[in-house]
Amino acid sequence: MKNQALKKYARLIVKIGINIRPNQTLVISSPVDCVDFARMIAEIAYEEGAREVVMNWHDEIISKTRFLHAPDEIFDEFPQWKRDFYMSYARQGAAFLTISASDPELMKDVDPKRIARARNASRKKLREYSERLMSNRNIWCVASVPTPAWAKKVFPDIPAEQAVEKLWKAILKSVRADLPDPVEAWNLHKAALKERVDKLNKMQLQWIHFRNKIGTDLRVELPVNHIWMGGSDESADGIDFIANMPTEEIFTSPSRKGVNGTVVSSMPLNYNGNLIEDFAFTFRDGEIIDIRAGKGYDILKHLIDTDEGSRYLGEVALVPYDSPISNMGILFYNTLFDENASCHLAIGKAYSITLQGSESMTKEELIDAGINDSLVHVDFMFGTADLEIQGLTKDGQKVTIFRNGNFAL
């Protein structure tokens, strides 16, 4: 890609995604394969007044080597210095950018039990850090750039160099960085999402019911005083930022024990370097009581067995089938993009900010109010072109929210 186009994208991430403040620290977590773009982000962040840009590199090939050959007990350990790294910057008010660009099938030869143990050890040690981000106490953003392995998975029938170029173009289009004025385009996009958010919040829906022809028939109750959100987020100190670039979703938290029925996935899920395909969940009183999967069953089972909360849902998100990313017709094998092409749910931890008054509630009070807690938060997609969504307002009126996969409001 031309350097000018990449700089436009990098500047968009810094100014709109992170919305860096003067004298603020930015922590960038990036694969080593994305070094050039990460350096570009750092340079622009300094131009915009950052106090310091801290690089947190990782190498997924080394990670795979470790999973294959390290002694078994190492996967139950997480170094204290790593926790101190994240928490020291979080407590200073740093912003955190994650560059998401993994090979979707890198870990297919790795024992999923090892991956699950390592993830759980990490999540336990970094729980406070995760909670800070999910409650917007720190600004955070997830964005992406292509790597050859990922690009070849998305576009397997062309040479790697062409695949990377094609994936670059798709990414830039998805984040509106291909437009003459991306910042203004994002302002308009945020306003459009807010208009829908306001409509849903006025309804204070008691429940929403999803149905389609591939087998989804799921009723999801919503907590009293829930809040729909979408587009931009606001940090605890009032700074506007975009947590995911791209974003097309409007989301809230389901009531922890108010989910009943079956939901069938409409896209594969890339989880920890493994693909889970053709899967479905059945819920009773909020809890997953049955799972099936054509591929990746053991990985899915390890996920829902993480803790008590991983058998419940933490997010319900609405994305029209006729949306910019969906209309590209590309399966990205990356949740950052695929979740913005499809309605989706998330297993595990809920965003407490989607409940009015949550900032003054204890963890126990949040759970009593229907807000789920878990070490995990994993999105999966179920939206289709024929998805129908009905809802019941607080006044007892039935409303059609989606018709033929798109908003009817």
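Which one of ALA177, ALA170, ALA163 is within 22 Å of the chain's Cα centre (by Cα) and either in a helix (DSSP H, G or I) or among the basic types (Lys, Arg) (or both)? So that I can check it myself, show each step before the final result.
Working: ALA177 fails: either in a helix (DSSP H, G or I) or among the basic types (Lys, Arg) (or both); ALA163 fails: within 22 Å of the chain's Cα centre (by Cα).
One residue alone meets the criteria, ALA170.
If we keep just the residues of the range 222-254 that are touching a His at 6+ places or on another chain (Cβ under 8 Å) and outside any strand (DSSP E or B), which is surrounded by the fewest Cβ atoms within 10 Å (Cβ to Cβ)? Here the answer is GLY231.
Can you list the helices (runs of 4 or more DSSP H) lying wholly within the range 1-79 that have 2 or more residues being among the basic types (Lys, Arg) and surrounded by fewer than 17 Cβ atoms within 10 Å (Cβ to Cβ)? Even if it seems obvious, please write down each step before you answer.
Details: elements: 3-12, 35-47, 60-69.
By residue number, no helices (runs of 4 or more DSSP H) qualify.
Within the range 279-296, being more than 16 Å from HIS344 (Cβ to Cβ) and either touching a residue at least 12 places away in the same chain (Cβ under 8 Å) or in contact with a helix residue (DSSP H, G or I) (Cβ under 9 Å, 6 or more places away or on another chain) (or both) holds for THR282, ARG284, ASP285, GLY286, GLU287, ILE289, ILE291, ARG292, ALA293, GLY294, LYS295, GLY296. For the range 1-48, enumerate the residues that are among the charged types (D, E, K, R) and in contact (Cβ under 8 Å) with a residue 40 or more places away in the chain. LYS8, LYS15, ARG21, ASP33 - these are the residues of the range 1-48 that are among the charged types (D, E, K, R) and in contact (Cβ under 8 Å) with a residue 40 or more places away in the chain.
Give the residues of the range 256-299 that are of a type in the set (S, T, N, Q) and within 26 Å of PHE337 (Cα to Cα), sorted by residue number. Can you show your working first?
Taking the range 256-299 as the starting set, the residues that turn out to be of a type in the set (S, T, N, Q) are 260, 262, 265-266, 270, 272, 274, 282.
The answer is THR262, SER265, SER266, ASN270, ASN272, ASN274, THR282.
When ILE158 is tested against (1) over 30 Å from ALA350 (Cα atoms); (2) buried (at least 18 other Cβ atoms within 10 Å of the Cβ); (3) of a type in the set (Val, Ile, Thr), only condition (2) is not met.
Looking at THR362, THR335, which one is on the phi < 0 side of the Ramachandran plot and free of Cβ contacts under 8 Å to residues at least 24 places away in the same chain? Steps first, please.
Numbers: THR335 fails: free of Cβ contacts under 8 Å to residues at least 24 places away in the same chain.
None of the others qualify; the one that does is THR362.
Computed from the coordinates by the stated procedures, all read-outs in this text should not be read as laboratory data. Treat the numbers as computed from the prediction; the structure is a model and nothing was measured. Every residue, glycine as well, gets a Cβ built from its backbone with ideal geometry; the counts of neighbours run over all protein chains shown.
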